[in-house]
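Participant: This is the structure I have questions about; it appears just below.
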Amino acid sequence: MLGEGILKGMAETARNFAGSFVSKERLTTVEYPEERIAPAENARVFPFLVYDSADWEAGLRCVACQICEKECPPKCIYIEKSKDKKPDAVGKPQFYPTRFDIDISVCMSCQICVEVCPFEAIKMDTEFELATEDRFGGLLLDRKQLAKSNQYYHRIHPTEAAEVDARLAEEKAKSDAKAKVAADAAAVKTAASAAQTANSAATQAPVQEGTGD
Amino acid sequence: MIATMDQIFVLFEHWLVAFLPASMQPVATVLLSVAAIVCVFPGLFALTVWLERKGLGRMQNRLGPNRVGPFGLLQPIADGIKSLTKEDIVPASADAPVHFLAPLLLVVAVFMGFAVLPMGRNMVLVDMDAGLLFFFAMGASTEVSVFMAGWSSRNKYSLLGAMRAVAQMISYEVVLLLSSVAVVMIAGSLSLTKIVEAQNHYSGVFPNWYIFTPWGLAGFIMYAIAATAETNRSPFDLPEGESELVAGYHTEYSGFKFALFFLGEYLAMFSISGLGTTLFLGGWSAPFSFLVWIPSWIWFFSKLMLSIFVFIWMRGTLPRLRQDQLMNFAWKFVLPFTLLNLMVTALWRFMGDGWERWVVCSAILIAAYVIMGRVGMYREHFGPRRYRYAE
């Protein structure tokens with residue numbers, strides 16, 4: 001009959017109206033600044049740089065290889081490579097970025113820098129409350145602002161961080177073993193033909209850089 | 001005491017006016033009443049906007065505004081400050097004087113309608129003999145201002161919105177008038193105070209409101225449909241259909257002129273609900289004879305707010321009609337049914353006081369409703385839309 005559908009619809013809205021006062025489950029609104037939902041583990045906003053030791057500057061995993069800078073689609077990363085080498089967290093001498101800036105007003109959160117980084121040095125952050133009064137300077141983050149500890153990384157992405165740590169440990173073990181083998185071989189060789197080929201053994205690089213896969 | 005409470009505003013006005021010399025008293029009385037109307041209804045407007053936003057939110061399982069003041073009650077004030085401080089933009093190619101006058105004319109015309117509404121016992125600004133006629137004359141002039149707004153803006157969306165508004169308002173104006181004529185036929189007067197008096201007596205504890213008769217119920221439903229269309233409320237909000245026309249006839253209005261349109265729209269809603277209350281729901285009379293001790297103005301405003309709530313409820317439920325559905329519905333269903341209702345009213349008037357007239361009138365109206373509904377649905381004039389796709 002004509003008008004039946006209207007009455008049904010009115011009953012439905014009336015049910016919603018009354019129900020929203022009775023049952024809390026109906027109201028899905030989260031009143032944001034006071035209440036907040038924990039972000040999903042795979043949430044990503046902007047990149048940050050991971051460091052290992054207590055000192056952020058010394059512990060940065062980044063070796064300024066500049067792959068992320070080249071791969072970045074909107075070109076929001078700016079890196080200056082150091083002239084000298086400094087020992088990293090493991091103690092190996094490495095280049096380091098004297099300047100590492102990300103313009104987050106340009107960044108499109110594509111995560112390509114994270115994909116291409118061979119050193120697990122850049123990861124995605126979940127911090128989203130980045131509003132600032134300074135439109136240009138405030139959104140250009142330098143390496144000090146970008147540096148965050150591995151503990152922080154474990155806190156925001158526990159599963160991923162555990163995988164990364166396992167991989168790094170494996171690589172370290174592999175390179176240690178290789179270094180040990182190379183050192184042993186060198187020692188044997190040196191012992192066998194110490195007088196004749198002393199120089200050739202010394203030129204062989206004792207350690208090779210682990211590049212991951 | 002009860003009589004004093006009932007007449008408190010009238011007595012207050014008399015007390016105030018008594019301070020003035022006798023020659024100025026008539027003017028002062030009118031000015032005071034006007035001031036009261038001009039203050040009360042915009043206040044009610046603010047409250048209604050809040051109620052609407054909260055109510056619609058609840059119907060959609062949201063919270064609605066709740067940040068400004070307790071329960072978001074100060075939201076209308078914040079909105080008012082916002083619209084007052086916003087830039088007032090007039091398009092370069094607009095017809096500036098007409099563009100400026102349109103919102104003013106709308107609000108003035110709508111306010112005029114309140115002059116004849118009895119808001120309580122003895123609480124009517126001008127007790128005209130032809131009050132109903134005056135009300136409809138003023139109501140019709142809102143169409144002019146809507147068209148002025150649409151035409152002077154020099155904007156295709158505004159013009160389309162205005163065209164739609166005028167087509168819709170004229171179509172439904174006919175229904176609005178004809179459904180009220182039924183009441184005039186029974187009450188025998190165009191004066192709104194007399195129409196209320198005619199309904200203000202009781203059979204046992206129950207009131208003799210016109211809605212509790214077959215023709216009155218039918219007339220009220222038709223009146224409600226026409227009133228919704230007349231005030232451009234959902235589901236008849238085509239003139240400002242934001243998905244098609246940006247904002248319809250007030251697309252080019254900003255700042256306080258937009259606020260005036262907004263105010264005018266809600267005031268039109270109040271005045272048309274007030275008239276519906278007066279014609280069919282017994283105006284300021286109490287719903288049961290044992291409740292007459294509650295002041296009459298409380299009853300009027302409660303009925304008004306109840307109608308407003310139904311408006312909001314419908315807005316929360318119904319989607320917008322298409323233009324052809326709107327026109328078909330007006331001319332092929334509502335208008336014929338209203339004309340039939342006039343006949344039934346005449347029959348009711350001349351069939352005497354027995355129970356036969358209840359049976360005969362109800363039977364005719366129900367049969368007509370079912371048959372017209374069935375035929376209309378069958379021909380798809382106002383049924384669900386059937387989609388035909390290209391092969």
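Participant: Does at least one position in segment B:162-183 carry a residue that is outside any helix (DSSP H, G or I) and more than 26 Å from B:Leu132 (Cα to Cα)? Reasoning before the result, please.
Facilitator: First pass over segment B:162-183, keeping only residues outside any helix (DSSP H, G or I): none.
The answer is no, given that none of the residues of segment B:162-183 is outside any helix (DSSP H, G or I) and more than 26 Å from B:Leu132 (Cα to Cα).
Participant: Continuing with the same structure: Which of the residues belonging to segment B:136-146 are surrounded by fewer than 19 Cβ atoms within 10 Å (Cβ to Cβ) and touching a residue at least 24 places away in the same chain (Cβ under 8 Å)?
Facilitator: B:Phe136, B:Ala140, B:Ser141, B:Val144
Participant: Residue check, B:Ser234 against (1) surrounded by 22 or more Cβ atoms within 10 Å (Cβ to Cβ); (2) under 20 Å from the mean Cα position of the chain (by Cα); (3) among the hydroxyl-bearing types (Ser, Thr, Tyr), all met but one. Which one?
Facilitator: Here B:Ser234 clears every test but (1).
Participant: A further question on this structure: Considering segment B:166-192 alone, what residues qualify as being surrounded by fewer than 24 Cβ atoms within 10 Å (Cβ to Cβ) and among the small types (Gly, Ala, Ser)?
Facilitator: B:Ala167, B:Ser171, B:Ala187, B:Gly188, B:Ser189, B:Ser191, listed by residue number.
Participant: Here is a follow-up. Just for segment A:22-32: of the residues that are out of contact with any helix residue (DSSP H, G or I) (no Cβ under 7 Å at 6 or more places or on another chain) and within 8 Å of another protein chain (Cβ to nearest Cβ), which one is nearest to B:Asn66 (Cα to Cα)?
Facilitator: A:Glu31
Participant: Looking at B:Leu47, B:Leu105, can you tell me which residue is more than 14 Å from every other protein chain (Cβ to nearest Cβ) and either touching a helix residue (DSSP H, G or I) at 6+ places or on another chain (Cβ under 6 Å) or outside any helix (DSSP H, G or I) (or both)?
Facilitator: Only one candidate passes the filter, namely B:Leu105.
Participant: If I ask for residues that are of a type in the set (Lys, Arg), assigned to a helix (DSSP H, G or I) and away from chain A (no Cβ under 14 Å), which ones from segment B:314-363 would you list?
Facilitator: B:Arg349, B:Arg357
Participant: With the checklist (1) outside any helix (DSSP H, G or I); (2) in contact with a Ser or Thr (Cβ under 7 Å, 6 or more places away or on another chain); (3) more than 19 Å from A:Arg155 (Cα to Cα) in hand, flag the one item A:Gly9 doesn't pass.
Facilitator: For A:Gly9, the exception is condition (1).
Participant: With the condition kept exactly as written, say whether any residue in segment A:86-96 is within 14 Å of chain B (Cβ to nearest Cβ) and among the hydroxyl-bearing types (Ser, Thr, Tyr).
Facilitator: no
Participant: Here is a follow-up. Show me the strands (runs of 3 or more DSSP E) found entirely inside segment A:46-104 where at least 2 residues are over 16 Å from the mean Cα position of the chain (by Cα) and within 21 Å of A:Leu140 (Cα to Cα).
Facilitator: On the way: elements: A:47-51, A:77-81, A:97-103.
Passing ranges, in order: A:77-81, A:97-103.
Participant: Any idea how many residues of segment A:1-20 are facing another protein chain (nearest Cβ under 7 Å) and either among the charged types (D, E, K, R) or out of contact with any Phe, Trp or Tyr (no Cβ under 9 Å at 6 or more places or on another chain) (or both)?
Facilitator: Of the residues in that region, 4 qualify.
Participant: Among residues belonging to segment B:294-327 that are buried (at least 16 other Cβ atoms within 10 Å of the Cβ) and of a type in the set (Gly, Ala, Ser), point out the one that is nearest to B:Ile272 (Cα to Cα).
Facilitator: Of everything passing the filter in segment B:294-327, B:Ser307 is nearest to B:Ile272 (Cα to Cα).
Participant: Identify all residues within segment B:256-272 that are in contact with a Lys or Arg (Cβ under 9 Å, 6 or more places away or on another chain), closer than 14 Å to B:Asn232 by Cβ and either in contact (Cβ under 8 Å) with a residue 40 or more places away in the chain or of a type in the set (Ser, Thr, Tyr) (or both); write none if there are none.
Facilitator: Once the filter is applied, which keeps residues that are in contact with a Lys or Arg (Cβ under 9 Å, 6 or more places away or on another chain), closer than 14 Å to B:Asn232 by Cβ and either in contact (Cβ under 8 Å) with a residue 40 or more places away in the chain or of a type in the set (Ser, Thr, Tyr) (or both), segment B:256-272 yields only B:Met269.
Participant: Could you count how many residues in segment B:148-165 are without any contact (Cβ under 8 Å) to a residue 24 or more places away in the chain and over 14 Å from B:Leu245 (Cβ atoms)?
Facilitator: 0
Participant: Now for a different question. Just checking, how many residues over segment B:222-259 are assigned to a helix (DSSP H, G or I), within 19 Å of B:Gly139 (Cα to Cα) and out of contact with any Gly (no Cβ under 9 Å at 6 or more places or on another chain)?
Facilitator: Result for segment B:222-259: 5.
Participant: Considering each of A:Ala58, A:Ala64 in turn, give the residue that is aliphatic (A, V, I, L, M) and surrounded by fewer than 18 Cβ atoms within 10 Å (Cβ to Cβ).
Facilitator: Checking each option against the conditions leaves just A:Ala58.
Participant: Considering only segment A:16-43, state which residues are small (Gly, Ala, Ser) and under 27 Å from the mean Cα position of the chain (by Cα). Before you say what the answer is, go through the steps one by one.
Facilitator: Taking segment A:16-43 first, the residues small (Gly, Ala, Ser) are A:18-20, A:23, A:38, A:40, A:43.
Within segment A:16-43, A:Ala38, A:Ala40, A:Ala43 meet the criteria.
Participant: Within segment A:25-40, can one find any residue that is at pLDDT below 85, under 25 Å from A:Val116 (Cβ atoms) and surrounded by 10 or more Cβ atoms within 10 Å (Cβ to Cβ)?
Facilitator: The answer is yes, given that some residue of segment A:25-40 is at pLDDT below 85, under 25 Å from A:Val116 (Cβ atoms) and surrounded by 10 or more Cβ atoms within 10 Å (Cβ to Cβ).
Participant: Given the conditions (1) within 14 Å of chain B (Cβ to nearest Cβ); (2) within 30 Å of B:Gly57 (Cβ to Cβ), and given that A:Arg36 satisfies all but one, which numbered condition is not satisfied?
Facilitator: Answer for A:Arg36: the failing condition is (1).
Participant: Could you pull out the residue among B:Arg58, B:Arg62, B:Arg67 that is part of a helix (DSSP H, G or I), among the basic types (Lys, Arg) and within 14 Å of another protein chain (Cβ to nearest Cβ)?
Facilitator: Result: B:Arg58 is the single residue among B:Arg58, B:Arg62, B:Arg67 that is part of a helix (DSSP H, G or I), among the basic types (Lys, Arg) and within 14 Å of another protein chain (Cβ to nearest Cβ).
Participant: Among A:Glu71, A:Glu80, A:Glu41, which is the only one that is touching a strand residue (DSSP E or B) at 6+ places or on another chain (Cβ under 8 Å) and more than 14 Å from chain B (Cβ to nearest Cβ)?
Facilitator: Answer to the check: A:Glu80.
The values are calculated or read from the model by the stated rules, or taken from the named source; none is laboratory data. As the structure is a computational prediction, the values presented were derived from the model and not from experiment. For neighbour counting, all protein chains shown are included, and Cβ atoms are generated from backbone atoms with ideal geometry for every residue, glycine included.
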